[in-house]
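The values are calculated or read from the model by the stated rules, or taken from the named source; none is laboratory data. Just so you know, these numbers come straight off a predicted model, no measurement behind them. Cβ placement follows ideal geometry from the backbone for every residue including glycine, while neighbour counts extend to all protein chains displayed.
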Amino acid sequence: MTRFDNNETDIRLVRPDDRDYLAFVARIRDQFPSRGGPRQAGEFIGGLVEQAVISIISEQLPLQEERILSWEQRLRNGRHGRLYRELDGVWKIDHESLCVFEVKFTLPDLMSRGNGIKQLNIAQRLLLADGKLKYVLKRLVYVADEPIPILADPEGDYPNGIPTLEITDAFEELGVIWLTTGAISQRAAILELDLPENWTDEETRTGEIYDPEREEWRQYSDVADVKPEEQESPLARALRIAQEKK
């Protein structure tokens, strides 16, 4: 877990194909090769949902390609190193204002507690730290057919809960954008993303995929090591279809 001690410098946003960022990712993979063990089905489905969500948002807002947050920080060994944090979406409103998006495909209980706000707060603090920006707006993006109250706190800044906003809102500091499962299914079809059958059901998201090498794309489509008991699940069928298309 990244620790922050307010000594971050040279804070900037870079593209996902930034050479230094790719080298950083490669080093992490070399250091933690065993991270490929069982992979949650929900993680697989969430990745597909995120692609659909960002596609929908991109039709209404000019999301910028620079969405990898990068900064210099003193490390545990006393040296300074460059660290990175991936943001789901970044909208440059004007020269002094940004809006950052955190997409979460999760369960109602977690949504009601504002799952994803911690990531938004970290991004906001870092982006405002060097004084180049005056405003960083935060947007949770949830997928559900019916919105639910989020973090109603009588003593906080949002006594009636975090407000529901339109995608294009450029004024509220914090808000929730709701997208329906139907909208996600339609966009997934357009993008040719193979969402599992019954992908919105909680039980569809509870299985695991065993993927020891976690290759860049095969981590989502490799079914060679799927556990036998999962072979007939909706997730397994979706994985098989994705693999056959490669």
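The table for this structure:
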item: Residue match in the range 143-153 (condition: at pLDDT 95 or above and of a type in the set (V, I, T)); result: yes
item: Lone qualifier among V143, V100, V90 - being β-branched (V, I, T) and under 22 Å from A41 (Cβ atoms); result: V143
item: T200 vs. criteria surrounded by 15 or more Cβ atoms within 10 Å (Cβ to Cβ), farther than 22 Å from R67 by Cα and out of contact with any Leu (no Cβ under 7 Å at 6 or more places or on another chain); result: yes
item: Matching option when the condition is of a type outside the set (K, R), assigned to a loop (DSSP other than H, G, I, E, B), touching a Leu at 6+ places or on another chain (Cβ under 9 Å) and loosely packed, with under 12 Cβ neighbours inside 10 Å, among D157, D145; result: D157
item: Search result, residues across the range 123-138 that are surrounded by 15 or more Cβ atoms within 10 Å (Cβ to Cβ) and within 16 Å of S70 (Cβ to Cβ); result: A123, Q124, L126, L127, L128, A129, L133, V136
item: In the range 57-71, residue surrounded by the most Cβ atoms within 10 Å (Cβ to Cβ) [restricted to those that are under 18 Å from L165 (Cβ atoms) and out of contact with any helix residue (DSSP H, G or I) (no Cβ under 7 Å at 6 or more places or on another chain)]; result: I57
item: Scan of the range 71-101 for residues that are over 27 Å from D169 (Cβ atoms) and either part of a strand (DSSP E or B) or modelled with pLDDT of 95 or more (or both), ordered by number; result: W71, E72, Q73, R74, H80, G81, R82, L83, Y84
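For every residue, the table says whether it meets (1) surrounded by 13 or more Cβ atoms within 10 Å (Cβ to Cβ); (2) in contact with a Pro (Cβ under 6 Å, 6 or more places away or on another chain); (3) of a type in the set (D, E); (4) modelled with pLDDT of 85 or more.
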{"position": "N6", "(1), (2), (3), (4)": "no, no, no, no"}
{"position": "D20", "(1), (2), (3), (4)": "no, no, yes, yes"}
{"position": "F24", "(1), (2), (3), (4)": "yes, no, no, yes"}
{"position": "R29", "(1), (2), (3), (4)": "yes, no, no, no"}
{"position": "R35", "(1), (2), (3), (4)": "no, no, no, no"}
{"position": "A41", "(1), (2), (3), (4)": "yes, no, no, no"}
{"position": "Q51", "(1), (2), (3), (4)": "yes, no, no, yes"}
